[in-house]
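Derivation of every value follows stated rules applied to the coordinates shown; laboratory data play no part. All figures in this text were calculated on a predicted structure; none of them were measured in a lab. All Cβ positions, even for glycine, are placed from backbone atoms using ideal geometry, and neighbour counts span all protein chains on display.
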Amino acid sequence: MISKETLDAVNIGILNDEQLNEAIIHYSSLEENLKCHGEKYHLVWKDAYLTLITLTQFKEARKRNRG
């Protein structure tokens with residue numbers, strides 16, 4: 001489960017490293033769990049998937065910037 005503070009940070013787009021890792025774990029699980037429900041939850045799955053992609057890109061950018 002994601003903490004309220006981390007969820008708020010995801011919505012704002014400003015996360016520390018710990019929050020970023022927590023969010024990636026949460027959205028990975030959420031995306032995987034929604035995928036098996038097919039069309040019924042497709043829009044929710046897509047939102048979770050796109051959020052996960054964005055978070056993963058944030059993490060990769062941090063790695064590149066830190067060397």
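Can you compute the FRET efficiency between residue 61 and residue 41 using 1/(1 + (r/R0)^6), with r the Cβ-Cβ distance and R0 = 25 Å? Round to the nearest 0.05. Computed FRET efficiency for residue 61 and residue 41: 0.25. Note on residue 35: lysines with a C-alpha under 25 Å away, same-chain residues under 8 apart excluded, are 4, 46, 59. Between the entries (1) 1.05; (2) 0.98; (3) 1.01, the label attached to Rg/Rh (Cα atoms, Kirkwood Rh) calculated for this structure is (3). Close amide H contacts of residue 15 (hydrogens built in the peptide plane, cut-off under 5 Å, sequence separation of 5 or more or a different chain): none are found. Within the straight-line cut-off of under 15 Å between alpha carbons, the aspartates and glutamates reachable from residue 63 are 17, 18, sequence neighbours fewer than 8 places apart in one chain being disregarded. Think of each Lys and Arg Cβ as +1 and each Asp and Glu Cβ as -1; about the Cα centre, that makes the dipole of the chain roughly 260 debye.
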